[in-house]
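A.B. asks: Below is one structure. I have some questions about it.
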Amino acid sequence: MDKEESKEASVSISNNDTGTNDMEDDDYDDDDGKHTVLLGPQVPLKDHLELDKDDDSLRRWKEQLLGDVDTTKLGETAEPEVNILNLTILTPGRPDLVLPIPLVRDDKGYAFALKDGSTYSFRFSFTVSNNIVSGLRYTHTIWKTGVRVEKQKVMLGTFSPQQEPYTYEAEEDTTPSGIFARGSYSAKLKFVDDDGKVYLDMGYCFEIRKDWPSSA
């Protein structure tokens, strides 16, 4: 860990973070306002489909964007809705750990535990309904003893509504190793779109241990 990075799935995000040692400063929230793209007023997706319906090029573009969306089930709501279903921790040689959101804490207050020096990756599953969500991205920030040790900003892209969940798998990473790396970590995970609408803003704690939990 001990890094800050900005990844992209479709377009890049500028990172003007100045750093902080205080979790309460919540600089992971700098996606609000600073990077918000001012777009026109949203209208229901049904209305979008009716616009310029005699223009073949626009019709083909909309069909390509929407894919296999069942237009007969579209509602009248203009606001898109994104529901983050679960977080899965993937570790080579171990069963996938599927954690429903909101995360459930154990008796020590941890959502999960990882072994130090181990390779892992995260996978998110989410659904999109009502309307197209533009510029969906997430920010994931981790602290240890109040000092920020990692911050990631990842642009996921634009998604049309569909019944089947979308999945996104992050790049592999390695937990820090050694006695000083073990212990309790706090984290915040936030999903937001280009309009500044927040779909998930969740804080949690996890543990890095010498060995894997026996129950995992």
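A.B. asks: Say the dipole of region 79-209 comes from +1 at the beta carbon of Lys and Arg and -1 at that of Asp and Glu; which of PHE122, LEU156, GLY178 then lies farthest toward its positive end?
C.D. replies: Of the options given, the answer is GLY178.
A.B. asks: Along the Cα-to-C-beta direction of LEU200, a point sits 7 Å from the Cα; which residues of region 78-92 have their amide N less than 15 Å from that point?
C.D. replies: 81-90
A.B. asks: Okay, moving on. Of the GluC sites (Glu not before Pro) in region 142-216, which ones lie in a loop per DSSP and count no more than 14 other C-beta atoms within 10 Å?
C.D. replies: Sparse-neighbourhood loop GluC sites (Glu not before Pro): GLU171, GLU172.
A.B. asks: Here's a follow-up. Stretched out fully, how many nm does the piece from SER214 to LEU97 gain, at 0.36 nm a residue minus the Cα gap?
C.D. replies: 40.8 nm is the gain from fully extending SER214 to LEU97.
A.B. asks: Test of understanding: what is the full-extension gain from SER177 to ARG123, defined as 0.36 nm times their sequence separation minus their Cα-Cα distance?
C.D. replies: Between SER177 and ARG123, full extension yields 17.2 nm more.
A.B. asks: Net charge around THR127, counting only other residues with Cβ within less than 9 Å of its Cβ (Lys, Arg = +1; Asp, Glu = -1)?
C.D. replies: That sum, taken over residues with Cβ under 9 Å, equals -2.
A.B. asks: Summing Lys, Arg as +1 and Asp, Glu as -1, what charge do residues with Cβ under 12 Å from the Cβ of GLY183 carry, GLY183 excluded?
C.D. replies: So the environment of GLY183 carries a net charge of +3.
A.B. asks: Here is a follow-up. Loop-only chymotrypsin sites (Phe, Trp or Tyr not before Pro) in region 109-193, please: DSSP not H, G, I, E or B, and at most 16 other Cβ atoms within 10 Å.
C.D. replies: Answer by residue number: PHE180.
A.B. asks: Follow-up question, since we're still on this one. Can you check what the net charge comes to around TYR204, using other residues whose Cβ is under 10 Å from the Cβ of TYR204 (Lys, Arg +1; Asp, Glu -1)?
C.D. replies: +2
A.B. asks: Calculate the translational D of region 68-216 in whole µm² s⁻¹ from Stokes-Einstein, where the hydrodynamic radius comes from the Kirkwood formula applied to all Cα pairs, the temperature is 4 °C and the viscosity 1.567 mPa s.
C.D. replies: Taking Rh from Cα pairs, D becomes 77 µm²/s.
Where a number appears in this text, it was derived from the coordinates with a stated rule and is not lab data. Remember, predicted model here, so these are calculated numbers, not experimental data. Every residue, glycine among them, receives a Cβ derived from its backbone with ideal geometry; neighbour counts consider all protein chains shown.
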